[in-house]
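Worksheet: one structure, shown below.
The values are calculated or read from the model by the stated rules, or taken from the named source; none is laboratory data. Only a predicted model underlies this, so the values are computations on that prediction, with no experimental measurement involved. Here the Cβ positions follow ideal geometry from the backbone for every residue, glycine too, while neighbour counts run over all protein chains shown.
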Amino acid sequence: MINDIKTEAEERMGKSLEALSHNFNKIRTGRAHPSLLDGLRVEYYGADTPLNQVANINVEDARTLSLTAWDRSMIPEIERAILKSDLGLNPATAGEVIRIPMPMLTEETRKGFIKQARHEAESARVSVRNARRDAMAMLKEMVKEKEIGEDDERRGQEEVQKLTDNYVARIEKQLAEKEADLMEI
């Protein structure tokens, strides 16, 4: 019973950590990485389609991404989607290949990206704490229904708290790595 609550809380905390990693991938550093374009969607025959389903995305060098559209008529749509995104990228088309050079990060943009990373990390922390709160409420409800004793409740709360501390520490570690990555020139 208590293990089920703990397992459910751990699943939710794990999903928060996954979401944080996904959100951190969207914050660009000075280097080119295909995951920067993961969130982009392109109008393809009337349906919003993820960019990686209409084009092949490659890293040409440390500062350039190259896209090869599978359908040549999609090139203008892909360019439009990249320009409309809030990534600050300017694609350049050369025949069938779209090249996306990564602009140098200024001190100001680096600080803005760090602020965004801290905001994402705080959202993940809140999500982990919400999972802890729900688990604690379930334990209290079980005591109220006389399904478990107070000692079991206390032990369960301690385990959930240890789990929470572990996940918050992992979030802090990911944030520190992302900040170091952003400040690297």
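Name the residues in the range 96-106 that are under 24 Å from the mean Cα position of the chain (by Cα), part of a loop (DSSP other than H, G, I, E, B) and more than 18 Å from D38 (Cβ to Cβ), would you?
Going residue by residue through the range 96-106, those that are under 24 Å from the mean Cα position of the chain (by Cα) are 100-106.
Next, only the ones that are part of a loop (DSSP other than H, G, I, E, B) stay: 102-106.
Once the filter is applied, which keeps residues that are under 24 Å from the mean Cα position of the chain (by Cα), part of a loop (DSSP other than H, G, I, E, B) and more than 18 Å from D38 (Cβ to Cβ), the range 96-106 yields P103, M104, L105, T106.
For residues that are part of a strand (DSSP E or B) and among the β-branched types (V, I, T), scanning just the range 55-84, find the one that is surrounded by the most Cβ atoms within 10 Å (Cβ to Cβ).
Keep residues of the range 55-84 that are part of a strand (DSSP E or B), which gives 55-61, 64-69.
Filter once more, so that each one left must be among the β-branched types (V, I, T): 57, 59, 64, 68.
Values: I57: 20, V59: 13, T64: 14, T68: 14.
Among residues in the range 55-84 that are part of a strand (DSSP E or B) and among the β-branched types (V, I, T), the one surrounded by the most Cβ atoms within 10 Å (Cβ to Cβ) is I57.
Does any residue of the range 42-54 turn out to be of a type in the set (A, V, I, L, M, F, W, C), surrounded by 17 or more Cβ atoms within 10 Å (Cβ to Cβ) and touching a residue at least 40 places away in the same chain (Cβ under 8 Å)?
Scanning the range 42-54, I find no residue that is of a type in the set (A, V, I, L, M, F, W, C), surrounded by 17 or more Cβ atoms within 10 Å (Cβ to Cβ) and touching a residue at least 40 places away in the same chain (Cβ under 8 Å), so the answer is no.
Sort through T93, T109 and tell me the only one that's part of a strand (DSSP E or B), closer than 30 Å to P34 by Cα and of a type in the set (V, I, T).
Values: T109 fails: part of a strand (DSSP E or B).
Matching residue, one of T93, T109: T93.
Residue-wise test of (1) out of contact with any helix residue (DSSP H, G or I) (no Cβ under 6 Å at 6 or more places or on another chain); (2) closer than 25 Å to M183 by Cβ.
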| residue | (1), (2) |
| --- | --- |
| E11 | yes, no |
| A19 | yes, yes |
| N23 | no, yes |
| Y44 | yes, no |
| N58 | yes, no |
| T64 | yes, yes |
| I75 | yes, no |
| A92 | yes, no |
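Quick check, is G112 surrounded by fewer than 17 Cβ atoms within 10 Å (Cβ to Cβ) and within 30 Å of E184 (Cβ to Cβ)?
Numbers: surrounded by fewer than 17 Cβ atoms within 10 Å (Cβ to Cβ): yes; within 30 Å of E184 (Cβ to Cβ): yes.
In short, yes.
When you check V128 against the structure, is it out of contact with any strand residue (DSSP E or B) (no Cβ under 7 Å at 6 or more places or on another chain), among the β-branched types (V, I, T) and either assigned by TED's automatic domain parsing to the domain that holds A62 or without any contact (Cβ under 8 Å) to a residue 24 or more places away in the chain (or both), yes or no? Walk me through how you get there before you give the answer.
Details: out of contact with any strand residue (DSSP E or B) (no Cβ under 7 Å at 6 or more places or on another chain): yes; among the β-branched types (V, I, T): yes; either assigned by TED's automatic domain parsing to the domain that holds A62 or without any contact (Cβ under 8 Å) to a residue 24 or more places away in the chain (or both): no.
No, not satisfied.
Only residues that are farther than 26 Å from R80 by Cβ and either of a type in the set (K, R) or touching a strand residue (DSSP E or B) at 6+ places or on another chain (Cβ under 7 Å) (or both): list them for the range 1-52, please.
K6, R12, K15
For the range 32-48, name all the residues that are part of a loop (DSSP other than H, G, I, E, B), modelled with pLDDT of 80 or more and under 17 Å from the mean Cα position of the chain (by Cα). Full working, then the answer.
So in the range 32-48, the residues part of a loop (DSSP other than H, G, I, E, B) come out as 32-33, 38-40, 45-46.
Add one more test, that the residue is modelled with pLDDT of 80 or more, and what stays is 40, 45-46.
Answer for the range 32-48, where residues must be part of a loop (DSSP other than H, G, I, E, B), modelled with pLDDT of 80 or more and under 17 Å from the mean Cα position of the chain (by Cα): just L40.
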